[in-house]
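Just below is one structure, and these are the notes that go with it.
No value in this document is a laboratory result; all are computed from the given coordinates. Worth saying up front: this structure is predicted, and the values here are computed from it rather than measured. All Cβ positions, even for glycine, are placed from backbone atoms using ideal geometry, and neighbour counts span all protein chains on display.
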Amino acid sequence: MSTPTIAAIETSIFRLPMVGELRWGSQSALAEARHVLVRVALSDGSEGVAEAPPRPTIYGETAATIVAIIRDELAPRLIGQPADTAWARIALIPNNHTAKGAIDMAVHDALARSAGRTLAEQLGATRERVRVSYILGIGARDEVLAEAERVVAQGVRVLKVKVGRDWDDDLARIRDLQSMFGDRVDLYADANETMVAADAAQRLAVLRDLGLHYCEEPLPVEQVRARAALRAQTVLPLIADDSAFTVRDLQRELELDTFDILNIKTPRTGYTESLAMVELARRAGKGVMVGSQAGSTIGAARAAVFAARAEVEHPSELSFFLKLREEITDRPLTIVDGWLSVQEALSVRVDPDRLRAMTLRAP
Ligand code: MG
């Protein structure tokens, strides 16, 4: 049987209110989730959906640019073409990471349905559950600790603590978390490129001595020699995120040997490029974790299925939905003692009524 072609691609912008803001890096913040739902229909009637989360300070995309690039450049390259060639066609357009990523995930979702397979089978993902982490942003002490307490009560057992605006404050927050949770909760840090080469190794040693497991992107991405030198000192395992947006970035980072664990975010590399990145990382002996790029439940579900691949051995960022007050899905995802069920992730559907209620109408 020949591969179905892509018949239609539709987008809708929806808005989900959050419980407080997420603050990270030197000045980034997110106050509400305003994401784009991408639907792909194939010539045999199969449909797939995925979520594109605009992150202007990371990728330069907004909800409006995602809708526009899909309408003006990506959809015209795909309509009428075999669905299994989608990524190769849209990869010709640079940047626009989450627009392309969502199309690719929705195409895989549709292809799985077309073939009568689960998305997990489509992706070669065999684990039954995935270990999750929660991103704890920068903020006032009381708010951050209350948030940590709330999400740990909801099943989270790994916290990724954003650091980088005030080192003493960061350390105080980490000590507070440790005295609250003891060894019930594992911690690691994400510095979002805010350290300086002169004392990064010393700061990593402090984090290591506090018992943190890893640090994500301690130094500015462009300081390639300093980053390679820091990795060579093996103070604390380093996670690549900002430095590895694409497979091309990853090839450069592997040449330079700047990291230990790769954070693959399916919203920015779709499934096709994420699979290629897993394979490159595996061959180089690097660890892998998966991120949902602060997606809502549908985005977390799509990332969670990918995180069920056997190579993904580190906790994956799949719990941002705990920060949302509303959802567009027919059911919630639940975290049980630090784990998320892949079966649950596979069962999540977009609820048409909820989507309609949350959709932003054009003015
Ligand atoms: Mg990061």
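Can you list, largest first and rounded to whole Å, the semi-axes you get for segment 104-260 by taking the square root of 5 times each eigenvalue of its Cα gyration tensor?
The answer is 30, 24, 13 Å, longest axis first.
Which whole-number percent gives the relative contact order of segment 122-351, counting Cα pairs below 8 Å spaced six or more residues apart?
So the answer I get is 24 percent.
Under a plain spin-label model, where a point goes 7 Å from the Cα along Cα-to-Cβ, how far apart in nm are ALA276 and ARG71?
2.9 nm
Taking the chain as the reference, fit the longest principal axis to its C-alpha atoms, fit the long axis of helix 247-256 to the helix C-alpha atoms, and give the angle between the two in degrees, 0 to 90, nearest 10.
Tilt of helix 247-256: around 30 degrees.
Taking 35 Å as R0, compute the FRET efficiency from the Cβ-Cβ separation of THR118 and LEU92 and round it to 0.05.
In this case the efficiency is close to 0.70.
Arrange HIS213, HIS314, HIS97 by Cβ neighbour counts within 10 Å, fewest through most, would you?
HIS213, HIS314, HIS97
Show me the three semi-axes of the equivalent ellipsoid for the chain, from the C-alpha gyration tensor (sqrt of 5 times each eigenvalue), largest first, rounded to whole Å.
Ellipsoid half-lengths, sorted descending, are 33, 23, 19 Å.
Compute the orientation-averaged projected area for segment 232-363 from the convex hull of its Cα atoms and round it to one decimal in nm². Walk me through the numbers on the way to the answer.
Details: hull surface 40.1 nm².
The directionally averaged projection comes out at 10.0 nm².
I'd like the distance between the alpha-carbon centres of segment 211-249 and segment 270-327, rounded to an integer number of Å.
19 Å
Looking at the chain only, what percent of DSSP beta bridges run antiparallel? Nearest 5 please.
Percentage antiparallel, nearest 5: 55.
Could you order peptides 139-148, 297-306 by the average number of other Cβ atoms within 10 Å of their residues, highest first?
Sorting 139-148, 297-306 by mean packing, highest first, produces 297-306, 139-148.
Could you please rank THR11, THR5, THR266, placing first whichever residue has the fewest other Cβ atoms within 10 Å of its Cβ?
Arranged by neighbour count, lowest to highest, THR11, THR5, THR266 become THR5, THR11, THR266.
Using 0.36 nm times the number of residues separating GLU21 and ARG325, minus their current alpha carbon distance, what extension gain do you get?
Between GLU21 and ARG325, full extension yields 108.2 nm more.
From the phi angles alone, apply the Karplus equation (6.51, -1.76, 1.60; θ = phi - 60°) to segment 294-307 and give each ³J(HN,Hα) in whole Hz, x where the residue is Gly or Pro.
Per-residue couplings from phi come out as 6, x, 7, 4, 5, x, 5, 5, 5, 6, 5, 5, 5, 5 Hz.
Among LYS100/LYS162; LYS162/LYS323; LYS100/LYS286, which pairs are too far apart, with a Cα-Cα distance over 19 Å? Can you show the working numbers first?
Details: LYS100/LYS162 27 Å; LYS162/LYS323 15 Å; LYS100/LYS286 26 Å.
Beyond 19 Å between Cα atoms: LYS100/LYS162; LYS100/LYS286.
Which log10 I(q)/I(0) values does segment 6-116 give at q = 0.19 Å⁻¹ under the Debye formula, counting every alpha carbon as one identical point scatterer?
-0.91
Give the distance, in whole Å, between the Cα centre of segment 169-206 and the Cα centre of segment 124-160.
Using only Cα atoms, the two centres lie 15 Å from each other.
Using only Cα atoms and rounding to the nearest 10 degrees, what angle (0 to 90) does helix 141-153 make with the longest principal axis of the chain?
Rounded to the nearest ten degrees, it is 60.
Write down the percent of antiparallel bridges among all DSSP beta bridges whose residues are both part of segment 6-116, to the nearest 5.
Given both bridge residues lie in segment 6-116, the antiparallel proportion sits at roughly 95 percent.
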